[in-house]
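Take a look at the structure below.
The values are calculated or read from the model by the stated rules, or taken from the named source; none is laboratory data. Please read these numbers as outputs of a predicted model, since none were measured by experiment. So basically every Cβ, Gly included, is an ideal-geometry build from the backbone, and we count neighbours across all protein chains shown.
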Amino acid sequence: MIIEPKIRGFLCTTAHPIGCAAQVEQHIALVKKNGPIPGGPKKALILGSSTGYGLSTRIVAAFGCGAATLGLAYERPPEKGRTASPGWYQTKAFEAQATAAGLWAKSLNGDAFSADLKAQAIDILKREVGPVDLIVYSLASPRRTHPVTGVTYKSVLKPIEGSYTNKTMDFNNGVVTQITLDPATPEEVSDTIGVMGGEDWEMWTDALLQAGLVAPGCVNMAYSYIGPNVTQPVYRSGTIGTAKNHLENAAHALDAKLKALGGRAFISVNKALVTQASSAIPFMPLYISVLYKVMKAKGIHEDCIQQMDRLFRTKLYTAAAQFGKHAEVDAEKRVRMDDWELRADVQAAVEALWETVKTENAATDSDLLGYRGDFHRLYGFGVPGVDYSADVPESMI
């Protein structure tokens, strides 16, 4: 069958299996071209491993460090007449490439918040891998059911201190409009923390510690975002930012627990990129499009795989960082991979364009085409070297 992108708002309901696999292969090739990473992890657990930063981290750990990797994600398998989600195909492609390279790799598909998936992961690690020296927490979900209480939390993206109005853009047609978000209720703030805060990360770490599956010197890392002034009221000062603060406080508690093993827990604050999650956040498509234009012009743009490759090679697994034990951090003990995004000259240029960008000049005052291309590639479309006019065999869907 011929598979084409079917886009509805900020979602694409189809994915191209060949395109997804080709992109994974290209990312692996980039990491291998940059050479091995001395002192990197050898056994890694990646929570949220099928797309975005989680998948890129898994690729760098495996093909840059030679690590055995267990990945957890919740992806939709193919159904009759319907393709799987892109993460389903990307996970299969990663496992095939890892196996061909002689690397141990397994994946679990299901609710990583659940006690059942935790138990399955621990059982596999005990039987086949042993204690891990890298834990990455990169789960992204709009809801979470608490494994003990059974309460389901749903996250929201809202400001907290009053309503907030600013520009946003429909990246499908380039139309720039104003949007107003009403403030969150206290319950919505609490629910967002329940989904995106640090409780589940702590529960995972405690379960691994109790099972004796945390190796000496283990690096335990979660991903976060701070962002620029133009998104502060709705992002870092809003509900999601409150949850991120909770996540970062969890890092301090986990760091203290891991010190007995010579390990570390910390946050990596990453750059804004086109992801399935960021595409759904008002203001972010326009901000990212403007940011891309500026960073590409300055020659400092990175995508997910380039960002994670730089994280491992220059921030974590270096002699100066004692190979993960003493990574360079800011005053809040965060590794700053958004250092190029938040450079003063970058943000000054972004703010200047933000004032001028509108529907009529979106294609010139922002990188609208670059954003759109990255969005399509999330689903395996527009990947160089793939013939999208060719039939995809049913066996590959």
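A compact table of results
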read-out	value
Residue match in the stretch 78-95 (condition: among the aliphatic types (A, V, I, L, M), in contact (Cβ under 8 Å) with a residue 12 or more places away in the chain and in contact with a strand residue (DSSP E or B) (Cβ under 8 Å, 6 or more places away or on another chain))	no
Close pairs from the stretch 225-237: first touching a residue at least 60 places away in the same chain (Cβ under 8 Å), partner polar (S, T, N, Q) and not in a loop (DSSP other than H, G, I, E, B), Cβ under 6 Å, at least 6 apart	Pro228/Gln347
Matching residues in the stretch 91-130 - criterion: being within 28 Å of Gln210 (Cα to Cα), of a type in the set (S, T, N, Q) and out of contact with any Gly (no Cβ under 6 Å at 6 or more places or on another chain)	Asn109, Ser114, Gln120
Selection within the stretch 63-88 - within 17 Å of Leu108 (Cα to Cα) and part of a helix (DSSP H, G or I)	Pro86, Gly87, Trp88
Boolean, Ile135 is crowded, with 17+ Cβ neighbours inside 10 Å, β-branched (Val, Ile, Thr), closer than 23 Å to Lys244 by Cβ and under 18 Å from the mean Cα position of the chain (by Cα)	yes
Per-region count, the stretch 238-269, residues among the polar types (S, T, N, Q) and within 26 Å of Glu355 (Cβ to Cβ)	0
Subset tally (residues that are hydrophobic (A, V, I, L, M, F, W, C) and either free of Cβ contacts under 8 Å to residues at least 12 places away in the same chain or in a strand (DSSP E or B) (or both)) for the stretch 4-26	3
Filter pass, Pro159 being in a loop (DSSP other than H, G, I, E, B), buried (at least 20 other Cβ atoms within 10 Å of the Cβ) and under 25 Å from the mean Cα position of the chain (by Cα)	yes
Residue match in the stretch 96-108 (condition: among the charged types (D, E, K, R), outside any helix (DSSP H, G or I) and at pLDDT 95 or above)	yes
Condition broken by Ala29, with the remaining ones in (1) without any contact (Cβ under 8 Å) to a residue 60 or more places away in the chain; (2) touching a strand residue (DSSP E or B) at 6+ places or on another chain (Cβ under 7 Å) satisfied	(2)
Residue that is surrounded by the most Cβ atoms within 10 Å (Cβ to Cβ) [pool: residues in the stretch 110-127 that are charged (D, E, K, R) and over 14 Å from Gly71 (Cα atoms)]	Lys126
Any hit, the stretch 301-308, residues being in contact (Cβ under 8 Å) with a residue 60 or more places away in the chain, acidic (Asp, Glu), on the phi < 0 side of the Ramachandran plot and assigned to a loop (DSSP other than H, G, I, E, B)	yes
